[in-house]
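No value in this document is a laboratory result; all are computed from the given coordinates. Just so it is clear, the structure is predicted and the values come from calculations on it, not from any experiment. As a convention, Cβ positions derive from the backbone with ideal geometry for all residues, glycine included, and neighbour counts pool all protein chains shown.
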Amino acid sequence: MAASVYVCPDCDGYEIQNRKTLLLGSGNVGAKMALLLSGRTSDLTYINHEKQPIDEEKHRLMHRSGIRYIEQAVLEIVEENDGYIKAARLEDGSLLAAERGFIAFGNNHVRSELAAQLGVELHHNKHVQVDPRSKMTNVENVWAAGDLGVHAEQVTAAMGDGAIAAIWIHKALSSQ
């Protein structure tokens, strides 16, 4: 993927400030991201790559925000020599020029099956519920950190969670 295609609006939203941006996504997840990104650029096109349904209200909000909407698969991301996105080739053969890109597909599989087998409490989205201070779950001596827990999908946040869990694991082992 091109060096100028991003996933995190919090970390990388500034990268699209006032730039021609394509959002490759799916259904309501992509529409929600498009609405979020519309505050950064007025030149935004949402390409519903998987052609999944979008709520009428999200369609209205996107239209009101000036977000162009296309429902086609993307066949190729065309890059400049320096790795920056130049365009997206759609299934009808057309090229959409771009300076930046974002992706928003959602439906990532959370691998919490082992936690569930251990009796760990899960959120509706299959992420593990932890004590915010210690990162321990509802099951004694079972901790969770990073993207397995309720998270920000950021490496630094996951590292911090892991460090906190390690401190509390060490305390638990030291007290035995």
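Calculate for the chain the 222 nm mean residue ellipticity that helices alone would give, adding -39,500 (n - 2.57) per DSSP H run of length 4 or more and normalising by residue count, nearest 500 deg cm²/dmol. Present the calculation step by step, with values, prior to reporting the outcome.
Details: 5 runs with 49 residues, N = 176.
It comes out at -8000 deg cm²/dmol, rounded to the nearest 500.
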Lysine pairs in the chain with alpha-carbon atoms under 18 Å apart, 8 or more places apart or on different chains: how many are there?
5
Counting other beta carbons within 10 Å of each residue's own, what order do Asp55, Asp92, Asp12 fall into, fewest first?
Asp92, Asp55, Asp12
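Per the Kirkwood definition applied to all pairs of different Cα atoms, how many angstroms is the hydrodynamic radius of segment 5-104? Please list the in-between numbers first.
On the way: mean 1/r = 0.0757 Å⁻¹.
It works out to 13.2 Å.
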So what's Rg/Rh here for segment 55-176, counting alpha carbon atoms and using the Kirkwood radius for Rh?
1.17
Kyte-Doolittle at least 1.0, axis length at least 27 Å by Cα - qualifying DSSP helices, the chain:
155-174
Footprinting proxy, Ile54, Ile167: sorted fewest to most Cβ within 10 Å, the residues are Ile167, Ile54
Quick one: order Lys171, Lys32 by neighbouring beta-carbon count within 10 Å, fewest to most.
Lys171, Lys32
